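Working notes, beginning with the structure itself.
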Amino acid sequence: MTDTDMTGTDMTPALAPHAIGRDLARRDGAAKVRGTAFYADESPVENPVYCRIVASTIARGRAVSVDTGEAEGLDGVLAVLTPATAERLASTSDAELAVLQDDRVGFRGQIVGAVVAESFEVARDAAARVRVEYEVAAHDAALSADRDDLYTPDQVNPTYETDTAQGDMAAAMASAPVTLERTYTTPMLHNNPMEPHATTALWEPDRGAGALTLYDSTQGVHPVRSTVAAVLGLDEDQVRVVCPYVGGGFGSKGMPHANTVLAAMAARAVPGRPVRVALTRQQMFSLAGYRTPTIQQVQLAAQRDGALDGIAIDVVEQTSRIKEFAEQTGVPTRNMYAAPNRRTTHRLAALDVPVPSWMRAPGECPGMFGPEVALDELAAELGMDPVELRIRNEPDVDPETGKPFSTRNLVACLRRGAEQFGWPGRDPRPGVRLEGGWWIGTGVASATYPVYRMPVSTAVIGYSGGRYVARIGAADIGTGAWTVLPQIAADALGVPVQEVEVLIGDTEYPPASVAGGSSGTTTWGSALVAAAEQFRGKFGADPHEGDEIEASVPENAASERFAMHAYGAHFAEVAVHADTGEVRVPRLHGTFAAGRIVNPRLARSQLLGGMTMGLGMALMEDSVLDPRTGHVVNHDLAEYHVATNADVADLRADWVHEDDPHVNPMGSKGIGEIGIVGTAAAVANAAWHATGVRVRDLPLTLDKVLPPA
Ligand code: MOS
């Protein structure tokens with residue numbers, strides 16, 4: 001009855017689905033449409049005050065004097081925080097969170113002061129009147145692959161080996177009949193959730209437990225609590241974090257950033273008054289994480305029939321000098337295709353730039369771009385269909401570890417996706433379809449994302465008033481957790497879903513892991529199933545008012561025996577205007593294999609959302625950091641373009657049926673991130689097919705794709 005059962009792969013997942021698999025509408029939908037669902041900056045507090053950040057205008061040096069006289073003279077200003085006056089934090093080991101602890105500046109846009117005032121307008125006015133004098137030091141904000149100070153991080157996110165090697169890649173490149181060696185790049189990218197990073201913080205020193213309340217826009221209330229408590233030197237029970245709704249995070253709200261710590265500090269400067277801190281859109285480009293730019297050198301060695309002898313990716317990317325984040329860009333190449341010889345490496349440049357972090361599918365998303373375009377180039381060289389080339393390199397077992405896959409249906413995704421998209425019969429020649437002044441082409445790329453289960457999460461299930469009420473500090477960041485967790489709990493309890501409520505988003509509930517790594521449903525769902533089984537075991541089918549039980553996510557022994565990943569196949573049609581080079585994507589199709597789909601309506605929304613974000617990555621998203629200033633010059637949505645309605649045309653996602661008895665009792669795999677993974681490569685490959693121009697550097701702006709005159 002558990003997912004650790006050894007009886008083989010023909011069993012089906014443990015839960016008999018009744019609610020699972022149904023197209024239930026979002027439980028929080030009506031509240032969101034009616035505007036009664038509150039977000040962090042509008043949390044219901046009495047008499048709030050407002051905090052505004054003063055950000056550094058240099059990339060490196062010292063803020064030697066911060067003159068607050070004029071700001072403090074304004075009516076309504078309650079406090080001005082500077083490196084000299086701000087409270088001393090208990091822990092400064094995380095330099096990103098050591099807000100105002102000394103006068104050093106490590107990147108442009110860093111917090112060098114903050115104003116708390118009775119109104120937002122006064123806070124903004126006062127912040128502009130804080131005079132900062134800098135001692136400027138030479139900074140370095142230019143990433144390149146030939147820097148002589150590139151270094152090897154100890155591991156890459158979250159805990160992968162930095163470098164791997166199997167067989168002899170150099171020998172494969174020397175002996176294979178067909179080889180290919182190319183450099184691909186992806187730019188700095190910013191998450192840009194619609195809801196800015198925001199916190200409403202209240203410090204009530206006379207309360208013991210819950211003295212600090214944070215209404216924080218976050219992907220995990222418990223991780224925020226433990227981090228903020230440690231930084232401030234508080235006991236965890238002195239901190240309550242509340243977050244029922246999030247207007248998107250994409251990883252940028254996965255770990256607390258400086259704004260959350262600042263909110264707590266500002267609240268402690270004005271005890272008893274709730275303080276609202278919301279980053280401006282511009283501040284989100286320096287204070288809320290981003291995806292590092294990547295430079296990927298990809299090597300493929302192949303036989304004439306397409307079988308790979310070797311595959312390698314050597315990645316150069318950046319981190320901040322003040323804090324390391326090493327994106328795992330090479331990791332998907334370790335187990336995507338069969339090849340006896342393989343190598344993956346990561347090298348970092350530590351620059352005077354904002355701290356990079358998680359952005360939707362860190363690792364897989366940038367790391368599938370180079371290899372998936374390289375495969376398209378190899379297919380063209382071999383005269384082979386790019387779908388067939390991928391199928392030819394399908395491994396029987398995980399090529400890195402030798403473990404069997406719990407389920408792996410990449411081939412099914414490629415075949416079904418090709419069918420749905422209308423791939424069969426495609427003319428392989430590039431630059432031959434000119435229709436009404438547009439070059440038309442189609443392209444394919446694969447996607448993958450691992451099945452993560454977090455080690456910590458606990459659920460309580462109680463019986464009250466004829467209903468089952470579960471509590472777990474999980475997060476719904478727009479993904480649908482409010483809706484799918486009751487579906488899982490209902491099936492585990494064997495009752496109609498209407499009889500089950502699952503409360504999330506508050507540290508008053510039992511601890512839950514971050515909504516990250518597409519792990520939420522697996523982790524929290526497994527905790528709920530464990531609690532439901534124990535509830536039934538203890539109280540039977542006819543419980544009494546007040547019966548309650550608590551259970552934690554069990555370890556999954558199967559994850560030692562099996563490689564567990566979701567897969568997908570992306571297909572794109574691209575139109576490139578023959579005169580202007582304008583690139584449009586009339587059609588995007590994704591077919592995924594992600595285990596059992598808990599709620600098709602919400603799953604499709606996640607997959608389409610990922611693909612839409614991938615479309616933005618393909619065509620327009622590009623954070624332009626001027627190395628002369630260390631400043632992202634297009635730091636707003638007027639100039640950092642994301643894909644919106646007019647960019648999205650015929651966008652479709654579907655999936656193949658997959659029974660995976662090993663991943664978890666639901667048989668589900670994560671779906672929040674895989675939708676973005678192969679999109680950009682599929683679009684780039686389609687643009688080549690349309691024009692014959694191979695673009696290896698994202699985004700695919702018109703200057704790059706315009707066919708030579
Ligand atoms: Mo996701 S980038 O793991 O929050």
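Residues of the stretch 186-228 being closer than 17 Å to Gly249 by Cα and among the small types (Gly, Ala, Ser), which ones?
Ala198, Ser217, Gly220
Look at the stretch 515-547 and say how many of its residues are open to solvent by less than 30 Å² (accessible area, probe 1.4 Å) and either within 16 Å of the ligand (Cβ to nearest atom) or in a strand (DSSP E or B) (or both).
9
Sort out which residues of the stretch 180-225 are within 30 Å of Val695 (Cβ to Cβ) and not polar (S, T, N, Q), and write them in order of number.
Within the stretch 180-225, Leu180, Glu181, Arg182, Tyr184, Pro187, Met188, Leu189, His190, Pro193, Met194 qualify.
Look at Val231 and say whether it is of a type in the set (A, V, I, L, M, F, W, C) and either within 16 Å of the ligand (Cβ to nearest atom) or assigned to a loop (DSSP other than H, G, I, E, B) (or both).
no
Can you list residue pairs whose Cβ atoms sit under 6 Å apart, with the first residue in the stretch 341-368 being polar (S, T, N, Q) and the second being within 16 Å of the ligand (Cβ to nearest atom)? Count only pairs 6 or more apart in sequence or on different chains.
Here the result reads Ser357/Gly289; Ser357/Phe325, each pair linking the stretch 341-368 to a residue that is within 16 Å of the ligand (Cβ to nearest atom).
Does any residue in the stretch 190-208 that is in a strand (DSSP E or B) and open to solvent by 10 Å² or more (accessible area, probe 1.4 Å) come within less than 7 Å, Cβ to Cβ, of a residue that is more than 16 Å from the ligand (Cβ to nearest atom) and of a type in the set (A, V, I, L, M, F, W, C) six or more places away or on a different chain, and which pairs are these?
Pairs that qualify, where the first residue is in a strand (DSSP E or B) and open to solvent by 10 Å² or more (accessible area, probe 1.4 Å) and the partner is more than 16 Å from the ligand (Cβ to nearest atom) and of a type in the set (A, V, I, L, M, F, W, C), are Leu202/Val45; Leu202/Ala267; Trp203/Ala211; Trp203/Leu212; Trp203/Ala267.
Can you confirm whether Ser217 is within 16 Å of the ligand (Cβ to nearest atom) and either buried (at least 20 other Cβ atoms within 10 Å of the Cβ) or of a type in the set (Ser, Thr, Tyr) (or both)?
It is true that Ser217 is within 16 Å of the ligand (Cβ to nearest atom) and either buried (at least 20 other Cβ atoms within 10 Å of the Cβ) or of a type in the set (Ser, Thr, Tyr) (or both).
Quick one: in the stretch 548-580, which of the residues that are closer than 30 Å to Lys704 by Cα and not in a strand (DSSP E or B) is most open to solvent (accessible area, probe 1.4 Å)?
Asp579
Can you tell me how many residues within the stretch 143-185 are of a type in the set (Ser, Thr, Tyr), under 24 Å from the mean Cα position of the chain (by Cα) and outside any strand (DSSP E or B)?
3
Take the conditions farther than 27 Å from Gln328 by Cα and away from the ligand (no atom under 16 Å from the Cβ) and apply them to Asn645. Does it pass?
It is true that Asn645 is farther than 27 Å from Gln328 by Cα and away from the ligand (no atom under 16 Å from the Cβ).
Look through Leu625, Leu602 and report the one residue that is under 28 Å from Ala288 (Cβ atoms), open to solvent by 30 Å² or more (accessible area, probe 1.4 Å) and either away from the ligand (no atom under 16 Å from the Cβ) or in contact with a Ser or Thr (Cβ under 8 Å, 6 or more places away or on another chain) (or both).
Criteria check complete, one pass: Leu625.
Residue check: is Ala541 among the small types (Gly, Ala, Ser), out of contact with any Ser or Thr (no Cβ under 7 Å at 6 or more places or on another chain) and outside the structural domain of Val432 (by TED's automatic domain parsing)?
Yes; evaluated as a whole, the condition is true for this residue.
Being outside any loop (DSSP other than H, G, I, E, B) and in contact with a strand residue (DSSP E or B) (Cβ under 8 Å, 6 or more places away or on another chain): is that true of Ala512 here?
Against the criterion (outside any loop (DSSP other than H, G, I, E, B) and in contact with a strand residue (DSSP E or B) (Cβ under 8 Å, 6 or more places away or on another chain)), Ala512 does not qualify.
Identify all residues within the stretch 406-459 that are more than 27 Å from Thr333 (Cβ to Cβ), small (Gly, Ala, Ser), part of a loop (DSSP other than H, G, I, E, B) and touching a residue at least 40 places away in the same chain (Cβ under 8 Å); write none if there are none.
Residues satisfying the conditions are Gly431, Gly437, Ser457.
For the condition of a type in the set (Lys, Arg) and touching a Lys or Arg at 6+ places or on another chain (Cβ under 9 Å), what is the one hit in Arg628, Arg652?
Matching residue, one of Arg628, Arg652: Arg652.
The values are calculated or read from the model by the stated rules, or taken from the named source; none is laboratory data. Remember, it's a predicted structure, so these values are computed and weren't measured experimentally. Because the Cβ atoms are built from the backbone with ideal geometry, glycine has one as well, and the counts that use them run over all protein chains shown. We work out accessible area using only protein heavy atoms, side chains counted, and drop any ligands, DNA or RNA first. Shrake-Rupley method; radii C 1.70, N 1.55, O 1.52, S 1.80 Å.
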